[in-house]
Every structure is written in structure tokens, then in C-alpha cells.
1. Taking the residues in the stretch 17-37 that are within 18 Å of the chain's Cα centre (by Cα) and among the hydrophobic types (A, V, I, L, M, F, W, C) as candidates, determine which candidate is farthest from residue 3 (Cα to Cα).
2. Which residue, of 143, 122, 103, is closer than 16 Å to residue 67 by Cα, among the β-branched types (Val, Ile, Thr) and under 15 Å from the mean Cα position of the chain (by Cα)?
3. Taking only pairs six or more apart or across chains, which ones have beta-carbon atoms under 8 Å, a first residue in the stretch 15-28 that is free of Cβ contacts under 8 Å to residues at least 24 places away in the same chain, and a second residue that is in a loop (DSSP other than H, G, I, E, B) and of a type outside the set (S, T, N, Q)?
4. Condition first: within 19 Å of residue 129 (Cα to Cα), in a helix (DSSP H, G or I) and out of contact with any strand residue (DSSP E or B) (no Cβ under 9 Å at 6 or more places or on another chain). Now tell me which residues in the stretch 1-25 satisfy that.
Amino acid sequence: MKISNGEVVRIAQENNGRLTPQLLSEKTDLTRSEASRKLYLMLSEGVFRYEYDDNYLPVFALSNVVKRALESAGDPSFNYSYVAAKLSDREVISIALEAGGKISVTSLCVKGNVSVDDARNILERLQTKGVFDIEVKDNGSIIYVLNDQDLLK
């Protein structure tokens, strides 16, 4: 089973921002080995950091950059229908495809003619739906990467 980074982040959020391979395998159809590989891959991408819990056992914790991005995504009661009326999902995906399958809040703001807050909310909503995965660059910027870009060409 393939699982998106967004789904792993959502599961981590449900567990105070922390995951172990065992916990991820219990919450998904992944084996413990697959869960471990997924978490280490996301660690190398900057989504997680490695730390130890109170019992000195290793855990994967959401990185500060990802936590800040998720916190700044806005109020969960935000009215997405207002933003959606400004820019359709198809338009957002088309903008991302034109940019090689990657898009940032800033680029959506400029190319989609929406505010930074609206762009962030749109991308977060599509990320939670599994359309995009989050990629954290070395400089801390967050890029949204289309999951199915090879099928859309």
C-alpha cells in the first residue's frame, strides 16, 4: 500500500506530532518495515526530526517547520467555499502542472491571483485530500508536490 506524506502527517498530528514505525503500521496497512522506511524517507526530506521520548525510545516528531506550516494553515472552521469560488481545484492543479508538478504558496498567490492566506488554505485543503505531498526544502520553504503528475501529462 502506498501512503502519502500528507496522510502520515495527519496520523502524526493525531498522536501529538509523534510517530514510531510500530504506531504507523498499526494505523495503516503498512508493514512495520514499510512504515520504518517511509518515516526515514520523510526524516530525510525534513518533515520529521528524530528525538527520544520520556523512556529514551526513538520517535519521529514533526519538524518545527512543518508544525509552523500546519499551525498557520488557519482556523479549521475556515470557510473554504469562499476561497474555492475564487480558484477551482482544476485551476490550482493546472498551475502546478505548468510548474513541473511543484507549487508554493507564493507562486499560487501570484499565478492564481489570490491572497497569500487563501493560497495557503487552498494548498493545505488539497494536501489533506491527498492531491499534494509536502516537501520541505533546505531553506525551510514548503513546496507542494502533485502526487499523480505523471498520469496528468
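1. Once the filter is applied, the top-ranked residue is 19.
2. Numbers: 122 fails: closer than 16 Å to residue 67 by Cα; 103 fails: closer than 16 Å to residue 67 by Cα.
Residue meeting the stated conditions: 143.
3. Once the first residue is free of Cβ contacts under 8 Å to residues at least 24 places away in the same chain and sits in the stretch 15-28, its partners that are in a loop (DSSP other than H, G, I, E, B) and of a type outside the set (S, T, N, Q) give 24/30.
4. Those that are within 19 Å of residue 129 (Cα to Cα), in a helix (DSSP H, G or I) and out of contact with any strand residue (DSSP E or B) (no Cβ under 9 Å at 6 or more places or on another chain): 7, 10, 14.
A short reminder: the numbers here are calculations on the coordinates, not readings from a lab. Predicted, not measured: the structure shown is a model, and the values here were computed from it. Using ideal geometry, Cβ is built from the backbone for each residue, glycine included, and neighbour counts are taken over all protein chains shown.
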